[in-house]
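Read through the structure below, which is laid out as structure tokens, and then see the notes.
The values are calculated or read from the model by the stated rules, or taken from the named source; none is laboratory data. Treat the numbers as computed from the prediction; the structure is a model and nothing was measured. Glycine also receives a Cβ, built like all others from the backbone with ideal geometry; neighbour counts cover every protein chain displayed. Surface areas here come from the heavy atoms of the whole protein model, side chains and all, with no ligands, DNA or RNA. Shrake-Rupley method; radii C 1.70, N 1.55, O 1.52, S 1.80 Å.
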Amino acid sequence: MFWVVALSAGALPSSDIRVNQTLDGLFTYSWMSGNDGVPFGFWFACGQIGGCGDNNPPWYQCRCENKTFPVCTQCFRWWDAVILESIISISEYRNDSSYEYLPELIFSRSPYNSTWPPHCSYVDDFAWYTLLYLRVHEWLGDKQTKWLEIAAGLFEWTWDAGYDKTCGGIYWNMCSEEKNSITVLQLLEAAGHFASIYRKQKNTEKMNYYLTRAEWLWDWFMGFDSGRGLLDGNNLISSGAVPLDSTDKMCCNATSASLTEKKCINERGLGFSYNQGMFLAACSYMYQATDDIEFVKLGENVLLAVAENMTINGVLVEQTTPSKTWAGTCSYNQDPGGDWYSFKGVFMTRLGDFLIGTKNVISDAALSAAKLLVSRTSDSAWTHASSFPPFAKNDVCNSQMGVVVNATAPKFLWEWHIDSKPSSTLSYYRSMSTGCELDLLTSRWVSNVENETMCQMKCSQLSSCDKYYYCPSNSCEHMNCWLAAESNFTTANTTCKQISQHLVVGTKKLKTSPISCVGRCGEDTGALCRCDVGCGDRDDCCLDFISVCSADFVCFDARSQGSALSLFVTHFLVEHLL
């Protein structure tokens, strides 16, 4: 495997070339056709393509299993819509019709449509396709008039499935009562987008219909923390809202008319990059629908907060690096990366939407910050996250799809900064969203601390501490840090007495010898530490596993490729059109 060598800024290829080569890689490595030569209509990616059809065949054999209506129920995922949005964007920027066949192909195979039975479905997955078909309408509406109607049908599906008529807000899943930021922002962007379209068409009735719903969602979202909204302390979008009392299921915020339901509070959990991007797009479309400049200013505030708090040397990163990204195997129901592979791509696509929609009113400071963020991130991704053929044979995400002869296109990792691989010198394995059962009576130390770093430091100071649990939200009353020996915790799919889905767990790396994986990569034996791809799941990797064995366990994926495409498309936008 040959990694791109760091070059001077002047020697890097243009954004145009980056887009072309990344698109080439996306279709070369992840887009497949059946024996009849007809494309399946989705991009293959490791693990999370959804169960892989009948009897769980290998993930790279996923098929459209319904012959009467060729819907690929076990193959499509939400990020297929996000990838197509990036392709639409570059097609619009270049006035290119080469990919006009894609929306019809994907729509004909995708289960994300308004006729799908609404039972325990993830509302956010369907909302991505609402947003996609709105983009298709604006791209192809003069040639194919059906897309606005398709988008409207999906919007009603998601609204009926997710809107809380008692307390406001949108449920993430029809069988749960969780209200996270992403689902609310998706429907807010969609409603604002509809309203702006009908405003241009001078259809006042339909414009008001969608604008009313957008305003309901906007008021709900901003109705926390005395009007500051679902923001954290750094002016970034937080993860969502939770009941004040963790034993409650339903909750209302301050804008709700209900006087009997318990109140929600701002969770203040990490919101990840895609929440920031969705807020920018929602602000853009609300401005286009109303001419209210306050939407632009609020979007600018979040944009500047991202540039300040979610970058390393000017390069976009997540607020926290998901654990176990590099060590793992590909199977039908899991993968080494997951949804995180697409988050920064969503941000970049929505940043482009914000810049286009507000280009006549955006401040010079915000525009300059956006251009610098995009260009630095693009240069870093091309330099530090790309790989050209010949590729490593043991890429755990794509190796099983076979070798493409004479391929020249690059693949991309999901992280874009120079130190994107996890450091082998870190003292802890960090894991988000861990289920747990806390034995508070035998905990070594319990307290309320300012942040996770303080909790981690306390564990480091105690030789008897093997693991810390930290609650990053306001939902853990009085105490938010627990330290204990491994024997005092049970972590196997149990229900946490606090809020397990949002606890961060840090497990001390083994510090006793042998600590080296030199000559042991792939070895799954050893009493003290191991060097196989499963050690990340067991938390028993040797300290130098990443640095010694990472070349053996890399992950290049359709999702990370799609995110790189979104980045380079937005770079094209700021380089040529703004």
Among residues of segment 104-115, those that are farther than 16 Å from LEU26 by Cβ and either surrounded by fewer than 15 Cβ atoms within 10 Å (Cβ to Cβ) or not aromatic (Phe, Trp, Tyr) (or both), counted
8
How many residues of segment 16-41 are open to solvent by less than 20 Å² (accessible area, probe 1.4 Å), of a type outside the set (A, V, I, L, M, F, W, C), out of contact with any His (no Cβ under 8 Å at 6 or more places or on another chain) and in a helix (DSSP H, G or I)? The answer is 3
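Taking ASP225, is it of a type in the set (D, E, K, R), open to solvent by 50 Å² or more (accessible area, probe 1.4 Å) and on the phi > 0 side of the Ramachandran plot?
The answer is yes for ASP225.
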Could you check, for segment 372-385, whether at least one of its residues is modelled with pLDDT under 90 and either touching a Gly at 6+ places or on another chain (Cβ under 6 Å) or not in a helix (DSSP H, G or I) (or both)?
yes
Just give me the residues in segment 530-578 being at pLDDT 70 or above, closer than 30 Å to ILE88 by Cα and over 19 Å from the mean Cα position of the chain (by Cα), in sequence order.
HIS571, PHE572, LEU573, VAL574, GLU575, HIS576, LEU577, LEU578
Among (1) at pLDDT 95 or above; (2) of a type outside the set (Phe, Trp, Tyr); (3) under 15 Å from GLU215 (Cα atoms), the one test that SER256 misses:
(1)
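Listed here are the residues, each with its yes/no results for (1) more than 14 Å from ARG213 (Cβ to Cβ); (2) within 22 Å of the chain's Cα centre (by Cα).
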| site | (1), (2) |
| --- | --- |
| PRO111 | yes, yes |
| ASP124 | yes, yes |
| ALA127 | no, yes |
| TRP147 | yes, no |
| GLU156 | no, no |
| GLY169 | no, yes |
| LYS179 | yes, yes |
Quick check on segment 327-342. Is at least one of its residues at pLDDT 55 or above, closer than 14 Å to TRP416 by Cα, crowded, with 24+ Cβ neighbours inside 10 Å and of a type outside the set (Val, Ile, Thr)?
yes
For THR212, the lone unmet condition from (1) in a helix (DSSP H, G or I); (2) in contact (Cβ under 8 Å) with a residue 24 or more places away in the chain is (2)
Considering only segment 57-111, state which residues are at pLDDT below 70, among the hydroxyl-bearing types (Ser, Thr, Tyr) and in a loop (DSSP other than H, G, I, E, B).
THR68, THR73
Checking the conditions here, which among THR349, THR290 is out of contact with any Pro (no Cβ under 9 Å at 6 or more places or on another chain), modelled with pLDDT of 95 or more and open to solvent by 40 Å² or more (accessible area, probe 1.4 Å)?
THR290
Residues that are assigned to a helix (DSSP H, G or I) and free of Cβ contacts under 8 Å to residues at least 12 places away in the same chain, drawn from segment 140-173
GLU149
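So is ALA191 touching a Gly at 6+ places or on another chain (Cβ under 6 Å) and in a helix (DSSP H, G or I) or not?
Details: touching a Gly at 6+ places or on another chain (Cβ under 6 Å): no; in a helix (DSSP H, G or I): yes.
Taking the combined requirement at face value, the residue does not satisfy it.
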Over segment 187-209, the set of residues surrounded by fewer than 22 Cβ atoms within 10 Å (Cβ to Cβ) and either in contact (Cβ under 8 Å) with a residue 24 or more places away in the chain or not charged (D, E, K, R) (or both) is TYR198, ARG199, GLN201, ASN203, THR204, MET207, ASN208, TYR209
